[in-house]
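Read the structure below first, then the notes.
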Amino acid sequence: MIDTTVKLRRLAEVELMRAEIEARKVARRILWTGIAVLVGLLALAMLAFALFIALSNAYGQLNAALIVGGGLAVMAAAALAFALQAPGRTAKLESEILARSIDDAREDLREDLEALEKRFAGLSHLLQGPQAGAPGTANPNIAIITLVLNTLSALSPTLRRYIEPILKIIG
């Protein structure tokens, strides 16, 4: 049981650290992406304005505005098409690796729980003895169980709340 608790605690700590690292990476990417988008939009506006001025001398202001606006609309459509692409091979592989690691962790926990069930099944045999159920006779294993429960209640105040009623019933 202690081994399983340690494994669970370690798994939770690793997941927490991994989540914190990923959150920092995402925050950094968002910041720099925001800066890049802002500067890129300013650059695009300046280039569009320069193109408009250049084209207005040759084709007039109305035609220049239509040409620049059409070019910007084509660029926006291309960016939207790029954004809506299906996930690539790398994203699929990352999600598959994550799913496998989760399955492995679940399998380890399942094995630990099965081992715990076997241990508790062995402890239940302590309650049954050759004299169990015979009227007027006491089970010699009750003293061992009482000792174990008293030890557990001494280790944890939370467990003590649950164990004391059981000890009153046994005693």
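Some observations on this one:
- Per-residue Cβ neighbour rank within 10 angstrom, fewest leading, Asp112, Asp3: Asp3, Asp112
- Ranking Leu116, Leu149, Ile35 by Cα position along the charge dipole of the chain, where only Lys, Arg, Asp and Glu carry charges on their C-beta atoms, puts Ile35 farthest toward the positive end.
- The residues Ile102, Ile163, when put in order of fewest to most other Cβ atoms within 10 Å, stand as Ile102, Ile163.
- Stokes-Einstein D (µm²/s) once Rh is taken as the Kirkwood radius of the chain over alpha-carbon pairs, at 20 °C in 1.002 mPa s: 89
- For the chain, the longest principal axis of the Cα atoms and the long axis of helix 2-59 meet at an angle of about 10 degrees.
- Modelled spin labels at Lys25 and Ala154, positioned 7 Å past Cα toward Cβ, are 4.9 nm from each other.
- The range 1-85 shape via C-alpha gyration tensor axes, a/c threshold 1.5: prolate
- When the square roots of the Cα gyration tensor eigenvalues are ordered a ≥ b ≥ c, the ratio a/c for the range 39-86 is 1.5 or more and a/b does not exceed b/c, which makes its shape oblate.
- When shorter helices are ignored and each DSSP H run of at least 4 residues is given -39500 (n - 2.57), the per-residue value for the chain at 222 nm works out to -31000 deg cm²/dmol.
- Relative contact order [Cα under 8 Å, 6+ residues apart], the chain, whole percent: 12
- Listed by chain and number, the lysines whose alpha-carbon sits under 22 Å from that of Lys7, ignoring those within fewer than 8 places in the same chain, are Lys118.
No lab work stands behind these numbers, since they all come straight from the coordinates. Computed from a predicted structure; not experimentally measured. Every residue, glycine among them, receives a Cβ derived from its backbone with ideal geometry; neighbour counts consider all protein chains shown.
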